[in-house]
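I have placed the structure first, in the form of structure tokens, so that the comments after it can refer back to it.
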Amino acid sequence: MSSSQGAPAFTNPIVKWIDRRLPIFTFMHHEYGVFPTPRNFNYWWSFGGIAMVMLITMIVTGIVLAMNYTPHVDFAFDSVERIMRDVNYGWLLRYLHVNGASFFFIAVFIHIFRGLYYGSYKNPRELLWILGVVILLLMMATAFMGYVLPWGQMSFWGATVITNLFSALPVIGDPIVTLLWGGFSVDNPTLNRFFSLHYLLPFVIVGVVVLHVTAMHVAGSNNPIGIDPKGPQDTLPFSPYYVTKDGFAVVAFLLVYLAFVFFAPDFFGEPENYVKADRLVTPPHIVPEWYFLPFYAILRAVPDKLGGVLAMFGAILVLFVLPWLDTARVRSARFRPIYKWFFWLLVVDCFVLGYCGANPPEGYFIPLSRVATLYYFAHFLVILPVLGKIERPLPLPNSIAESVLGGARK
Amino acid sequence: MATSNKSATADHDHDASRRDFLFVATAATAAVGGASAAWPFISSLNPAADTLALASTEVSLAGIEVGQAIKVMWRGKPVFVRRRTAEEIKEARAVDLKTLPDAGDARSPADDAKRVKAGKDEWLVLVGVCTHLGCIPQGSSTGEIRGDYKGWFCPCHGSHYDTSGRIRKGPAPKNLEVPPYEFVNNGTGLKIG
Ligand code: HEM
Ligand code: FES
């Protein structure tokens, strides 16, 4: 039952030889073999591992795509078409990469909302959470620049609109935009540097993921009831228990991802991006990729240019200070009868924002996106600080083991 | 012994201030050196000489009828050249400047008379880039929506420009910019830039 903590006795002489000089095997054994993990994880805890698998998928497919891709305004679009038509299995690699981005975001969004529901950002996991938000920002930058690479109409105009966001800053705004472009509009220098950065940032993400996981191994995992393990009876060794459970979840997730790759590869895409970039014609309706829609809705909800930009970035920056905005001591929403409702309201609010972001800013979408934006910020800046003070949490179980083994809930 | 101890302390103090100085000097040198070393990297991201040298564009005005507009490329951006009708000019001049959202600046004044060349009221020349987030407003080609003020309409986030290219409604903060240009070939051509 209890996890064996002692130093492992390796029998393989090569492993022994290496481990004495560079203890990576001991490290792996401690952090992934016997690592004591709360015994009550549900499947929401599998999405970290799933995100990891998606990150690796993106890097592997990206590297082979890059071997056939040409980062030049005259050739980029055609080189992607060539990947689709002529390169052996090019269509598969590209569809894996395109849909992989969407499913990477799906996994990470679920992972984040898991943290919100179970209070995983609270003491002692603040830094772990902050590193996660850094990963989210890096992913957004990477995906945005990747989307520019095929040089379709949405690539070009998306890049134009997003880089122009920085022109809202007073005084330094315009010089910054020129610096980002390397010219006076989105053009070849812009495409070149975006390709360079699109190749680099995923590896930066890998670095931050290492820090994120290291921080998690210091604090230990949170769990569905949010109380700390009190002894060996509350935990299981990571291997084989969670290797198996996460492995099953990964396979199930990949099945859904591959169903899209093979049967609906353009489901998340925008047909307009199969039209080559034309700098004289803006498409009538510019929409970003789905994972940016809630933020795009916030940008457009504010009738002022600088205000809109600040609100959009603020929507993510507020997550950095979340550990200090939520004043409740109890972590898990299971024992927070009122917070539970506000959590689901926030989920609905994010979907409403996404829906507004996908539609033109006309008619009732304008007031709707304003209300949804206000609610988003109110959730973090008003509701959470106040709720922690007035909500009466339910009694917590004595231990994880008791809550799992103690029979039916009363 | 006691004396030597004392002098050792004094020596040490003396050393400390010297060391502080050396430390600050080293740190300052390293900071300046680091910044100078970083500069070429940052500067390389700014427009290169050939990008800056992009020649000016010349266009012929022949064939543009009153009420029509054309789009030409200049520095990778579209420029609108519109031959306005008498009515459009009248409308542009009739507005009370105080009611305009953007009071204008040297590059893009608010007064219609200053947005065109003297005696060439017909010809309105503008950088065709929405001052909100850079989309190209519609209204140059016939059949395109011109918005509530009959000039241009930016579909991206709904900005309306008037017949002088001034922002009247929507999220764009500024009037459309007037590029540097001059009339050439006895007024039958235009040189932008
Ligand atoms: C964090 C991981 C990554 C994300 C989220 C991501 C996202 C994207 C997205 C959204 C596209 C646009 C796809 C399209 O519409 O065609 C794209 C294209 C591309 N990416 Fe990535 N990417 C990642 C990692 C990488 C890596 C590591 C490389 C290469 C070393 C790479 C190379 C490429 C190339 C060459 C393209 C252009 C070809 C194409 O459009 O299919 N990506 N990426
Ligand atoms: S870019 Fe024109 S309204 Fe936003």
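Points to keep in mind about this one:
- Of all accessible heavy-atom area on the stretch B:47-154, the percent that carbon and sulfur account for (1.4 Å): 53 percent
- For the stretch B:52-192, averaging the sequence separation of C-alpha pairs within contact (under 8 Å, six or more residues apart) and dividing by the residue count gives a relative contact order of 25 percent.
- Each 5 Å bin from zero holds the following percent of Cα-Cα pairs in the stretch A:1-80: 3, 11, 12, 11, 11, 12, 13, 8, 6, 7, 4, 2, 0.
- Highest-first packing order for the peptide set A:317-325, A:162-170, B:35-43 is A:162-170, A:317-325, B:35-43, based on the mean count of other beta carbon atoms within 10 Å.
- Computed over the stretch A:208-294, the P(r) curve from all C-alpha pair distances, binned at 5 Å from the origin, holds 3, 9, 10, 13, 13, 11, 10, 10, 8, 6, 4, 2, 1, 0 percent per bin.
- Of all lysines in the structure, the ones whose alpha carbon falls short of 16 Å from that of A:LYS389, not counting any fewer than 8 places away in one chain, are A:LYS122, A:LYS340.
- Aspartates and glutamates with Cα under 20 Å of B:LYS71, excluding same-chain neighbours fewer than 8 positions away: A:ASP187, A:ASP278, B:GLU58, B:GLU88, B:ASP121, B:GLU122, B:GLU144, B:ASP162, B:GLU177, B:GLU182
- Taken across both chains, chains B and A shield about 2100 Å² of accessible surface from a 1.4 Å probe.
- Acute angle (nearest 10 degrees) that the helix A:305-320 long axis makes with the longest principal axis of chain A, alpha-carbon atoms: 20 degrees
- Kirkwood Rh, Cα atoms: Rg over Rh of chain B: 1.42
- For the peptide A:183-189, the mean number of other protein chain Cβ atoms found within 10 angstrom of a residue's Cβ is 6.
- Among the cysteines of the protein assembly as shown, those with no neighbouring cysteine Cβ under 4.7 Å are A:CYS350, A:CYS356.
- Angle between chain A longest axis and helix A:243-263 axis [Cα atoms, degrees, rounded to 10]: 20 degrees
- Highest average first, the peptides A:16-29, A:228-241 ordered by how many other beta carbon atoms sit within 10 Å of their residues are A:228-241, A:16-29.
- When restricted to Cα atoms, the stretch A:57-162 yields an Rg and a Dmax of 17.0, 53 Å, respectively.
- The stretch A:43-278: C-alpha pair distances exceeding 34 Å, %: 25 percent
- Length-normalised contact order for chain A - Cα pairs under 8 Å, 6+ apart - percent: 23 percent
- Take each residue in B:131-141, count the other chain C-beta atoms within 10 Å of its C-beta, and the mean is 5.
- Computed over the stretch A:102-216, the P(r) tail beyond 16 angstrom holds 66 percent of alpha carbon pairs.
- Per-peptide average of other Cβ atoms within 10 Å, ordering A:272-278, A:258-264 highest first: A:272-278, A:258-264
- Seen against the Cα atoms of chain A and their longest principal axis, helix A:153-164 is set at about 80 degrees.
- Across the stretch A:43-278, Cα pairs under 8 Å and at least six residues apart give a relative contact order of 31 percent.
- Too-long pairs where the Cα-Cα distance tops 22 Å, listed order kept, from A:LYS305/B:LYS120; B:LYS114/B:LYS174; A:LYS305/B:LYS191: A:LYS305/B:LYS120; A:LYS305/B:LYS191
- 222 nm mean residue ellipticity, helices alone, for chain A (DSSP H n ≥ 4; -39,500 (n - 2.57); rounded to 500): -19500 deg cm²/dmol
- Peptide B:166-176 has a mean shielding of 2, counted as Cβ atoms of other protein chains within 10 Å of each residue's Cβ.
- Long-range tail of P(r) for the stretch A:79-137 (Cα pairs > 20 Å, %): 47 percent
- Volume of the Cα convex hull of the protein assembly as shown, divided per residue and given in Å³: 270 Å³
The values are calculated or read from the model by the stated rules, or taken from the named source; none is laboratory data. Since the model is a prediction, treat every value here as computed from it, not as a measurement. Because the Cβ atoms are built from the backbone with ideal geometry, glycine has one as well, and the counts that use them run over all protein chains shown. We work out accessible area using only protein heavy atoms, side chains counted, and drop any ligands, DNA or RNA first. Shrake-Rupley method; radii C 1.70, N 1.55, O 1.52, S 1.80 Å.
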